[in-house]
1. Keeping to region 29-75, report how many residues are in contact with a strand residue (DSSP E or B) (Cβ under 8 Å, 6 or more places away or on another chain) and among the aliphatic types (A, V, I, L, M).
2. Residues to consider are Arg94, Arg21; find the one that is basic (Lys, Arg), touching a helix residue (DSSP H, G or I) at 6+ places or on another chain (Cβ under 9 Å), within 28 Å of Arg129 (Cα to Cα) and at pLDDT 90 or above.
3. Got a sec? Which of Ala107, Ala84, Ala88 is modelled with pLDDT of 85 or more, of a type in the set (A, V, I, L, M, F, W, C) and over 30 Å from Leu49 (Cα atoms)?
4. May I ask you to verify whether Ala107 is part of a helix (DSSP H, G or I), exposed (fewer than 12 other Cβ atoms within 10 Å of the Cβ) and without any contact (Cβ under 8 Å) to a residue 60 or more places away in the chain?
5. Counting only residues that are part of a loop (DSSP other than H, G, I, E, B) and in contact (Cβ under 8 Å) with a residue 12 or more places away in the chain, which one in region 16-32 is farthest from Thr45 (Cα to Cα)?
6. Criterion first (assigned to a helix (DSSP H, G or I) and over 30 Å from Ala84 (Cα atoms)) does Gly55 satisfy it?
7. Would you check if Leu28 is at pLDDT 90 or above and surrounded by 17 or more Cβ atoms within 10 Å (Cβ to Cβ)?
Amino acid sequence: MTVMDIGEVAQHFGLPPSTLRYYEDIGLIESIGRHGLRRQFGPETLMRLSLIALGKMAGFSLTEIANMFGADGRPALPRADIHAKADALDSQIRNLTTLRTLLRHVADCPAPSHMDCPRFQSLLRVAVRHGSTHPAKKRPVRRQAS
């Protein structure tokens, strides 16, 4: 078993050691002991930190991520919540794509005024329509019974 100290784990993930201490304080990870004053972590912590990073990248809160681990420490991912997050990301991607298209057109439009440009007017209507749709409320992630 490969044991890493807090500094090695922090460097591996590009995190400050204080973040790892915080994650341990809130129960996201667990050290397996200490070598002097330095916390030691087993290889399962690396996998768990990878899952935490993925959850954060997907927009889940640390509380939601914590609830995605079963009592045995293994991921217990509620599929309905994962589908809902994927749907929200799809919506966000569509909105950001529309915004990017609008901004690129504004930057490159040859019209003397953007307000005189029919393409800009059309893109603006689409952007307003996309911006007025609110994604579904976040549902709390519940830990599955083991």
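1. Count: 5.
2. Criteria check complete, one pass: Arg94.
3. Of Ala107, Ala84, Ala88, the one residue that is modelled with pLDDT of 85 or more, of a type in the set (A, V, I, L, M, F, W, C) and over 30 Å from Leu49 (Cα atoms) is Ala107.
4. Spelling it out, Ala107 is indeed part of a helix (DSSP H, G or I), exposed (fewer than 12 other Cβ atoms within 10 Å of the Cβ) and without any contact (Cβ under 8 Å) to a residue 60 or more places away in the chain.
5. Ile26
6. no
7. So Leu28 fits the description; yes.
The values are calculated or read from the model by the stated rules, or taken from the named source; none is laboratory data. What you are looking at is a predicted structure, and each value in this text was computed from that prediction instead of being measured. For neighbour counting, all protein chains shown are included, and Cβ atoms are generated from backbone atoms with ideal geometry for every residue, glycine included.
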